[in-house]
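Asker: What follows is a structure written as structure tokens; I'll ask about it next.
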Amino acid sequence: MFPMNQWIKIKAPATVANMVCGFDILGFAVNDPYDEMEMRLVERAPNGANIVIINIDDYNLPTDPEQNVAGAALIALIEEYDFSKLAFEVKINKLIKPGSGVGSSAASSAGAVVGANYLLGNPFSKDDLVRFAMNGEKVASGVKHADNIAPCIHGGVTLVRSIFPLEVIALPSPQLHVTIVHPQIEVKTADARSILRQNVKLKDAIKQWGNIAGLVAGLMKGDYDLIGRSLEDVIIEPIRSILIPGFDDLKKACKEVGALGGGISGSGPSIFMLSKEKETAIAVEQEMKKIYEGFGLAHHTYVTTINQAGVEISE
Ligand code: HSE
């Protein structure tokens, strides 16, 4: 177990869930942005709380552990560990804006359980940690999904083949540059899920699973053209894209300057594009800016790469 009362630092990366065609099953971590957290183990005061959350950002997120995504993830972890005399103190500095669509809630949930595991001497596997952290996603969106949590914890690109029982497969990927634009509007994951249709036409399902299989094969073979062709979503994007101003124009413009493809990041409103070369990723960023400046819509962009490390701890 890590010495009591000593703080560790945690860096939890943003993640892009769905990867266009893989709703709720595919995702990848990026190097920028990321959340910063600090955590320590202390002796629990008589009748004291076993989880103390301290927010050091301005988002005013709940500090009640049951209402806080990091807290909910830690509650799940504590249920499987003899924690009777101990308490976690967690400081959270959110640099990933909540509701931006790049895994803000997943970063807090995953960061908290990876930090807790480190402090306890690593009793849990990565799959256990994904399982605990999904409780944070439930608080945030009402549903346990692991397509942000899994890449946040494992790094790289991940496939969640099954949630119950949990089976996460880490996928290889060739060098990819990622451009993200975050229009400064908020889309709540719960809302973006509630508008989806519950039934899918067979011909659409066939197209979608062809694309998912094509994308996985493209990543494994390092086949950029196959990756690009497979970044197509005929089920979710046609419905959700109406929540995002200028979505179709932006996607078209980015592809015209050479992006392999892309789409809504998670449940939006951020949009991501993948490129083979860094120069293309920068040209894509210019197109994104041009379009949102034209709309007079405040936005933030990132040009980054796939993060292979997942949540990182330093002392
Ligand atoms: N797969 C989830 C969704 C990700 O699209 O609703 C949310 O970040």
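Only the coordinates and a few stated rules stand behind these numbers; no lab work does. Everything numeric in this text was worked out from a predicted model, so none of it was measured. Note that we place each Cβ from the backbone using ideal geometry, even for glycine, and neighbour counts take in every protein chain shown.
Asker: Using DSSP to define loop residues, name the GluC sites (Glu not before Pro) in the stretch 167-264 whose beta-carbon has at most 14 other beta-carbon atoms within 10 Å.
Answerer: Numbers: sites: Glu167, Glu186, Glu232, Glu256; in loops: Glu186, Glu232.
Passing sites in the stretch 167-264 are Glu186.
Asker: Among Leu41, Leu166, Leu215, which one shows the highest mean-square fluctuation when the chain is modelled as a Gaussian network with alpha-carbon springs under 10 Å?
Answerer: Sorting by GNM fluctuation, first place goes to Leu166.
Asker: Just grab the label-to-label distance for Asn60 and Val200, each label 7 Å out from Cα along the Cβ direction, in nm (one decimal).
Answerer: Label at Asn60, label at Val200, 3.9 nm between them.
Asker: Through the Karplus equation 6.51 cos²θ - 1.76 cosθ + 1.60, θ set to phi - 60°, convert the phi angles of the stretch 146-153 into ³J(HN,Hα) values in whole Hz; use x for Gly and Pro.
Answerer: 10, 6, 9, 4, 4, x, 5, 7
Asker: Sticking with this one: What does the net charge come to around Gly101 if you take all other residues with beta carbon closer than 11 Å to its beta carbon, with K and R at +1 and D and E at -1? Mind showing how you got there, number by number?
Answerer: Working: positive: Lys97, Lys188, Arg240; negative: Glu186.
Residues near Gly101 contribute +2 overall.
Asker: Please say if the stretch 177-305 is rounded, prolate or oblate, where rounded means a/c under 1.5 for a ≥ b ≥ c the square roots of the C-alpha gyration tensor eigenvalues, and otherwise the choice is prolate for a/b larger than b/c and oblate otherwise?
Answerer: Working: a/c = 2.12, a/b = 1.10, b/c = 1.94.
The shape class here is oblate.
Asker: As I understand it, the dipole of the stretch 177-305 uses +1 on the Cβ of Lys and Arg and -1 on the Cβ of Asp and Glu, about the Cα centre. Which of Val181, Thr301, Ile195 lies farthest toward its positive end?
Answerer: Positive-end residue among those listed: Ile195.
Asker: What value, in deg cm²/dmol to 500, does the helix sum -39500 (n - 2.57) over DSSP H runs of n ≥ 4 give at 222 nm once divided by the residues of the chain? Present the calculation step by step, with values, prior to reporting the outcome.
Answerer: On the way: 10 runs with 113 residues, N = 315.
Dividing the helical sum by the residues of the chain leaves -11000 deg cm²/dmol.
Asker: Right, next: Report, in debye and to the nearest 20, how large the dipole of the stretch 90-237 comes out about its Cα centre when Lys and Arg carry +1 and Asp and Glu carry -1 on their Cβ. It would help to have the intermediate numbers written out before the result.
Answerer: Values: 16 positive and 13 negative charges, 56 e Å.
With only Lys, Arg, Asp and Glu charged at Cβ, the dipole is about 260 debye.
Asker: How compact is the stretch 1-76 by the rule of thumb for globular proteins, expressed as Cα Rg over 2.2 N^0.38 Å?
Answerer: Working: Rg = 15.7 Å, N = 76, 2.2 N^0.38 = 11.4 Å.
Relative to the rule-of-thumb radius for its length, the stretch 1-76 sits at 1.38.
Asker: If the label point is 7 Å along Cα→Cβ of Ile242, which residues in the stretch 263-277 have backbone nitrogen under 18 Å from it?
Answerer: 264, 267-269
Asker: Whole-Hz Karplus ³J(HN,Hα) for the stretch 14-20, in order, using 6.51 cos²θ - 1.76 cosθ + 1.60 and θ = phi - 60°, x for Gly and Pro?
Answerer: Result, rounded to whole Hz: 5, 9, 10, 8, 6, 6, 6.
Asker: I need the phi-derived Karplus couplings for the stretch 301-312: 6.51 cos²θ - 1.76 cosθ + 1.60, θ = phi - 60°, integer Hz, Gly and Pro marked x.
Answerer: 10, 9, 10, 8, 10, 6, 7, 9, 8, x, 4, 10
Asker: Could you give the length gained by full extension between Asp249 and Tyr81, i.e. 0.36 nm per residue of separation minus their alpha carbon distance, to one decimal place? Walk me through the numbers on the way to the answer.
Answerer: On the way: separation 168, 0.36 × 168 = 60.48 nm, distance 5.09 nm.
So the chain would gain 55.4 nm between Asp249 and Tyr81.
Asker: Lys221 to Glu315: extension gain in nm, 0.36 nm per residue of separation minus the Cα-Cα distance? Kindly include the intermediate steps, with their values, before the conclusion.
Answerer: Working: separation 94, 0.36 × 94 = 33.84 nm, distance 3.77 nm.
That works out to 30.1 nm of additional length.
Asker: Under the rule of at least 5 residues apart or a separate chain, name every residue whose amide H is placed under 5 Å from the amide H of Leu176.
Answerer: It is Ile306, by chain and number.
Asker: GNM on the chain, C-alpha springs below 10 Å: top fluctuator among Lys251, Lys278, Lys203?
Answerer: Most flexible of the set in this elastic network: Lys203.
Asker: Here is a further query. In nm, what is the difference between 0.36 nm times the number of residues separating Glu293 and Glu167 and their Cα-Cα distance? The partial results should precede the final answer.
Answerer: On the way: separation 126, 0.36 × 126 = 45.36 nm, distance 4.24 nm.
41.1 nm is the gain from fully extending Glu293 to Glu167.
Asker: Are there DSSP H segments in the chain that both extend 27 Å or more along their axis (alpha-carbon positions) and score a mean Kyte-Doolittle hydropathy of at least 0.0? List them, or say none.
Answerer: Values: long enough: 202-221 (28 Å, 0.38).
Counting only whole DSSP H runs, the qualifying helices are 202-221.
Asker: Might you report the magnitude of the Cβ-based charge dipole of the stretch 37-83 about its Cα centre, with Lys and Arg at +1 and Asp and Glu at -1, to the nearest 20 debye?
Answerer: Values: 2 positive and 9 negative charges, 24 e Å.
So the dipole magnitude of the stretch 37-83 works out to roughly 120 debye.
Asker: Next question, about the same structure. Under a 5 Å amide H to amide H cut-off, with H placed in plane at 1.01 Å, what residues pair with Gly263 once short-range neighbours are removed?
Answerer: Amide H to amide H, under 5 Å and 5 or more residues apart or across chains, Gly263 pairs with Phe272.
Asker: Please give every one of the lysines within straight-line cross-link reach of Lys289, meaning a C-alpha to C-alpha distance under 16 Å, and leave out same-chain neighbours fewer than 8 residues apart.
Answerer: The qualifying lysines are Lys251, Lys252, Lys255.
Asker: Modelling each spin label as a point 7 Å along the Cα-to-Cβ direction, I'd like the Gln286/Ala49 distance in nm, to one decimal.
Answerer: 5.0
Asker: Name the most mobile residue of Gly268, Gly228, Gly71, meaning the one with the largest mean-square fluctuation, in a Gaussian network model of the chain with Cα contacts below 10 Å.
Answerer: Maximum fluctuation in the GNM of the chain, among the listed residues, is at Gly228.
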